[in-house]
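Accompanying notes for the structure given below.
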Amino acid sequence: METDDVPVGASGADTAARVRDVITAAGVSQREFARRIVMDPSKLSRSLSGTRRFTVAELARIADEGRIDVGRLLGSRPREEAAPVMEPVESVAGGRPLQIVRATVRLIAEHGFHAVRVADIARACATSTAAIHYHFPGRADLLEAAVRWCMDEDTARRAALVADADDAAVELRQLIELQTPRTEQQRVQWAVWLDLWAEAARSTAVGRLHAEYYRQWRETVADVVRRGVAQGVFRAEVDPEAAALTLTALIDGLATQVLADGSGGGADAMHAALDTHVRDSLLVAP
């Protein structure tokens, strides 16, 4: 069982120090490392600072990412001693935990979360159910990890667009295109979101992730609208927060209709409808 916000003793501090060594050796930021091990960045931060204990599964994922035996993180062998990994994960892109999460996302998209068994995920990863449980003890852990992975992937794509765009109107159209389920990857991610919306209403953990994701998504859209007003491409009287709420709701509803159609059509009509909404509600008249 996870023990959040429990002060740790010397052994816990030693484990945190070893985890810091793994992060340093990875050469990435703490947030990026959290993304790689599919862990809430705030939980990683609290665990490193000593106000929360790492769970066994989290340490397993950290060891996997660091290509070390989990015993080294727990101090059961000398830190300088070379140690074998639990599985030959070097051939798995991103490591075993991310392979498990990606397989979970794909299977959820195909069959729905409640139809996916741990045995199905193990088969898709060519590993054992014991290995799945080693990294993610229960189905709830897998569901939360799948949601977090989808969030991180979507956020990363949005960040790349924001970095490259100078014109707010162009940026907003790019964000709309990103959310239009044209490609197989976009349709898979939308299928997962549709399945998880119902879970968010029943699961506190997933509900929190869901609420945080939509808060960030609406803020992204509101920031783009705000910049567009400042640039003079969007109307001065537009309320950025209200515009973001309306636009994201339209995207969700239209994307749901596109996926429900099942034929793969409708994406062009969705994009056209959103373009019309932006033109009629936001853009300054030529």
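The values are calculated or read from the model by the stated rules, or taken from the named source; none is laboratory data. Owing to the predicted nature of the structure, the values given are computational and were not obtained by experimental measurement. Here Cβ is always computed from backbone atoms with ideal geometry, including for glycine, and neighbour counts include all displayed protein chains. What goes into the accessible areas is simple: the full protein's heavy atoms, side chains included, and nothing from ligands, DNA or RNA. Shrake-Rupley method; radii C 1.70, N 1.55, O 1.52, S 1.80 Å.
Taking Rg and Dmax of the Cα atoms in Å straight from the coordinates, which label in (i) 20.4, 69; (ii) 21.3, 78; (iii) 21.5, 70 is the correct one? Matching entry in (i) 20.4, 69; (ii) 21.3, 78; (iii) 21.5, 70: (iii).
Taking the accessible area of the chain, probe 1.4 Å, and keeping the other protein chains in place, the carbon and sulfur fraction comes to 55%. Relative to the dominant Cα principal axis of the chain, helix 204-231 is inclined by about 40°.
Compute the helix-to-body angle for 240-261: its Cα long axis versus the longest principal axis of the chain, expressed 0 to 90° and rounded to tens. Roughly 80 degrees between the two axes.
Separation of the range 12-26 from the range 211-240 is 39 Å, based on Cα centroids.
Per residue, the accessible area of the chain comes to 48 Å² when a 1.4 Å probe rolls over the protein heavy atoms.
For the range 67-72, 3J(HN,Hα) computed residue by residue from phi via the Karplus equation (6.51, -1.76, 1.60; θ = phi - 60°) reads 6, 10, 6, 4, x, 5 Hz, glycine and proline entered as x.
So how much slack lies between ARG20 and ALA205, counting 0.36 nm per residue of separation and subtracting their Cα-Cα distance, in nm? Could the numbers behind the result be given before it?
Details: separation 185, 0.36 × 185 = 66.60 nm, distance 2.63 nm.
Gain in length upon complete extension: 64.0 nm.
Distance between the pseudo-spin-label points of ALA260 and ALA13 (7 Å out from Cα toward the beta carbon): 5.8 nm.
For LEU178 and ARG215, calculate 0.36 nm times their separation in residues minus their Cα-Cα distance, and state this gained length in nm to one decimal. The partial results should precede the final answer.
Values: separation 37, 0.36 × 37 = 13.32 nm, distance 1.76 nm.
Here the answer is 11.6 nm.
Placing dummy labels 7 Å off each Cα toward the beta-carbon, the span from GLU32 to LEU250 is 3.7 nm.
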